[in-house]
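The values are calculated or read from the model by the stated rules, or taken from the named source; none is laboratory data. Just so we're clear, the structure is a prediction, and the values are computed from it rather than from any experiment. Here the Cβ positions follow ideal geometry from the backbone for every residue, glycine too, while neighbour counts run over all protein chains shown. Accessible surface is based on the protein model in full, side chains and every heavy atom, while ligands, DNA and RNA are left aside. Shrake-Rupley method; radii C 1.70, N 1.55, O 1.52, S 1.80 Å.
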Amino acid sequence: MKGCLITFEGGEGCGKTTQARRLAARLEREGLPFLLQREPGGTILGETLREIVLRGDYPMAPWAEALLMAAARAQMVEEVLRPALSRGVWVVSDRFADSSTAYQGGGLGLGEERIQELNLWVTGGLRPDLTFFLDLPPEEGRHGDGKERPLDRIERRPVDFHRRVYDSYVRLAQREPERVVRIDARKPADVIEEEVWDVVKKLLPGGRRV
Ligand code: TMP
């Protein structure tokens, strides 16, 4: 028995957290064992690294940032993902390895291929079964809008950075159309939820087609 790993990706304010939660709620209604996770985070080490990377007010070299993200992911894979998936638990993750490819590989210019290689080491080759890219151009992004907190270190970066992140996600969706489903994030949340469910329900076990 093996669970499915479903990830949500996209730029700032694209609504992926809402959709990850809504998908988890649907899986719960289906009676499927599931876990909702986020990156960076999801473990004690991961949440600590999240604070360091997103909240720290000190210089951080691009490769330092990439490797801290990678460290959080390594812990998440070993502590949470592999054990859950092997027990048949479905995992919904609010961001995963593609975020590093887009943000550090594309946005910071470290190179998508090099970051993909790093991801491969860190995940031991674990790849999502399905990824939803919530497509929202950064110029329309709601950078931190609606969040009752100051913008974090990455959200504060100039729009050029977020444009490179976005372009990187677009390339990813083109490169891996069998895994990455691109959804127009400007649609109402209810409509997106249905689109997501239409894809996920095809993966449900035992031919359950609700
Ligand atoms: P979010 O959970 O609100 O999306 O915040 C996470 C931030 O961390 C977001 O700005 C994207 C960034 N991030 C990376 O730069 N690289 C990564 O590998 C991950 C997982 C997140």
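Kindly report the accessible area of the range 1-114 per residue (heavy atoms of protein chains, probe 1.4 Å, no ligands, DNA or RNA), in Å².
Numbers: 4740 Å² over 114 residues.
Here the residues of the range 1-114 average 42 Å² of exposed surface.
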Nearest-ten-degree value, helix 112-123 long axis tilted from longest Cα axis of the chain: 60
Computed helical MRE - 222 nm, the chain, DSSP H runs ≥ 4 contributing -39500 (n - 2.57), nearest 500: -12500 deg cm²/dmol
Portion, in percent, of the accessible area of the range 1-74 that falls on carbon or sulfur, probe 1.4 Å: 61
Charge context of residue 179, other residues only, Cβ under 9 angstrom, K/R +1, D/E -1: -2
Principal-axis tilt of helix 62-76 within the chain, Cα atoms, nearest 10 degrees: 30
For residue 2, solvent-accessible area (1.4 Å; no DNA, RNA or ligand), Å²: 130
Mean separation of Cα contacts under 8 Å (6+ apart) over length of the range 4-207, as relative contact order %: 31
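Counting other C-beta atoms within 10 Å, and keeping those with at most 10, which DSSP coil GluC sites (Glu not before Pro) do you find in the range 1-88? It would help to have the intermediate numbers written out before the result.
Working: sites: 9, 12, 28, 30, 47, 51, 65, 78, 79; in loops: 12, 30.
Hits after loop and neighbour filter: nothing returned.
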Within the range 4-207, percent of DSSP bridges classed antiparallel, to nearest 5: 0
Convex hull volume of the chain per residue (C-alpha atoms, cubic angstrom): 117
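Quick one: order 26, 73, 186 from most to least accessible surface, probe 1.4 Å. Let's see the in-between values first.
Working: 26 35, 73 5, 186 135 Å².
So the residues, ranked largest to smallest area, are 186, 26, 73.
Do any GluC sites (Glu not before Pro) in the range 169-207 lie in a DSSP loop with no more than 12 other beta carbon atoms within 10 Å, and if so, which? Don't skip to the answer; put the middle values down first.
Details: sites: 178, 193, 194, 195; in loops: 178.
Sparse-neighbourhood loop GluC sites (Glu not before Pro): 178.
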